[in-house]
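Shown next, in C-alpha cells, is the structure this report addresses.
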Amino acid sequence: MPERNRIRPCEAGDYPALAVLQSACDPEHPVSAADFAHADALVDDRIHRARYVWRESGELLGYAGYFQFSMMYDPDRFALYGGVRPEARRRGIGTALLERLLADLLPREPRTLGFAQWEYLGEGMEFLLARGYPEIMRDIESRVDLAGFDAGAFAASTRRVATAGLRLVPLTELADGEDLRRRIRDLDMAV
C-alpha cells in the first residue's frame with residue numbers, strides 16, 4: 001500500500017501539472033491551469049470544498065476532491081471527483097485519495113456522496129462500483145459544432161420566444177445572488 005504522506009492539499013503552483021494530469025485522465029474534456037484558478041476563485045460561503053494531490057518523485061500522479069453544488073445546494077450533499085495518471089493506476093493511489101476525502105467528510109455525516117465520473121471512463125466506473133458506490137444519476141452531454149451550426153433552423157422558435165414577451169440574455173447581464181441561483185436551479189430542474 002502506498003504511503004499516505006504523499007497526499008497534501010492542492011496549491012496554485014500545482015495547477016499546471018494538475019491540468020496535464022486531468023487532461024490525461026479525461027482527454028475528451030481537456031482543462032488548463034487557468035480553469036483551475038478560475039474555479040478556485042469562485043467563492044460561495046456556503047460551499048465546502050477541498051482538493052488533494054498525490055506527488056511522487058516530483059510528479060503529480062493523482063488528485064481528488066470534493067465540493068457542493070451551489071446551484072443545487074444542500075448542506076448534506078457532496079460530490080467527489082478525482083483521477084490517477086493511467087500508468088500509475090492499480091497501485092493504491094486512488095484508494096488512498098478516496099480515504100483522505102472520506103476522512104474529511106464522514107465526520108460531517110453527509111446524507112449523499114456522489115461521484116462526478118463520465119461513463120466512458122471505464123476504469124473510473126469500475127473503481128467506484130468495486131467499492132460499493134452505485135450509479136445514482138446520469139448526465140447526458142450534448143455538443144454542438146458552433147462552426148457548422150445553422151441558427152436559421154431556429155428562427156421560428158426565436159420569434160415565438162420574443163412574441164411571448166421573453167428575452168434571452170447572457171447570464172452575466174443578470175444580478176448575481178441567492179435569488180438568481182435559486183431561480184436558475186428551479187429552471188434547470190424543470191428542464
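Bear in mind these aren't lab numbers, they're just calculated from the coordinates by the rules spelled out. All figures in this text were calculated on a predicted structure; none of them were measured in a lab. Here the Cβ is made from the backbone with ideal geometry for all residues, glycine too, and neighbour counts use every protein chain on show.
Determine ³J(HN,Hα), in whole Hz, for all residues of region 24-41 in sequence, where each value follows from phi through the Karplus function 6.51 cos²θ - 1.76 cosθ + 1.60 and θ = phi - 60°; x replaces Gly and Pro.
5, 6, 9, x, 6, 10, x, 10, 10, 4, 4, 4, 5, 4, 5, 4, 6, 7
For Glu109 paired with Ala39, estimate the spin-label separation in nm (one decimal), with each label point 7 Å from Cα along the Cα-to-Cβ line.
So the two model labels end up 3.0 nm from each other.
Using the basic label-point model (7 angstrom from Cα toward the beta carbon), what is the Arg167 to Glu11 distance in nanometres?
4.7 nm
Rounded to the nearest 0.05, what FRET efficiency do Arg46 and Arg143 have when you use their Cβ-Cβ distance and R0 = 35 Å?
Details: r = 31 Å, r/R0 = 0.89.
After rounding, the FRET efficiency stands at 0.65.
Using DSSP to define loop residues, name the chymotrypsin sites (Phe, Trp or Tyr not before Pro) in region 1-92 whose beta-carbon has at most 16 other beta-carbon atoms within 10 Å. Please list the in-between numbers first.
On the way: sites: Phe36, Tyr52, Trp54, Tyr63, Tyr66, Phe67, Phe69, Tyr73, Phe78, Tyr81; in loops: Phe69, Tyr73.
Here the sparse-neighbourhood loop sites are Phe69, Tyr73.
Within region 69-85, what residues put their amide N at less than 19 Å from the label point 7 Å along the Cα-to-Cβ vector of Leu174?
Taking a point 7 Å out along Cα→Cβ of Leu174, the residues of region 69-85 whose backbone N falls under 19 Å are 69-74.
Longest segment of the chain with no trypsin sites (Lys or Arg not before Pro) in a DSSP loop having at most 13 other Cβ atoms within 10 Å? Intermediate results must be reported in sequence, preceding the final value.
Values: sites that count: Arg46, Arg90, Arg111, Arg131, Arg138, Arg143, Arg167.
Excluding the exposed sites themselves, the longest stretch runs over 1-45.
Which whole number in µm²/s is D for the chain by Stokes-Einstein, with the Kirkwood Rh taken over Cα pairs at 10 °C and 1.306 mPa s? Intermediate results must be reported in sequence, preceding the final value.
Values: Rh = 19.2 Å.
Approximately 83 µm²/s, per Stokes-Einstein.
Run the helix sum for the chain: -39,500 (n - 2.57) per DSSP H stretch of 4+ residues, divided by residue count, reported at 222 nm to the nearest 500 deg cm²/dmol. It would help to have the intermediate numbers written out before the result.
Values: 6 runs with 64 residues, N = 191.
After summing the helix terms and dividing by the residues of the chain, the value is -10000 deg cm²/dmol.
First check a/c for region 1-55, with a ≥ b ≥ c the square roots of the eigenvalues of its C-alpha gyration tensor; if it is under 1.5, answer rounded, and if not, answer prolate when a/b is larger than b/c or oblate otherwise. Spell out each step's value before the answer.
Numbers: a/c = 1.98, a/b = 1.12, b/c = 1.77.
Judged from the Cα gyration tensor, region 1-55 comes out oblate (a/c at least 1.5, b/c at or above a/b).
Skipping prolines and chain starts, which residues have an amide H placed within reach, meaning under 5 Å, of the one on Gly114, given they are 5 or more residues away or on another chain?
Phe78, Ala79, Leu80
Each label point is 7 Å from the Cα along the Cα-to-Cβ direction; what then is the distance between the points at Phe69 and Ala24, in nm?
Here the modelled spin labels are 3.1 nm apart.
For region 1-107, take the alpha-carbon Rg, divide it by the Kirkwood Rh, and send me Rg/Rh.
Numbers: Rg = 13.7 Å, Rh = 14.4 Å.
On the Cα set of region 1-107, Rg over Rh gives 0.96.
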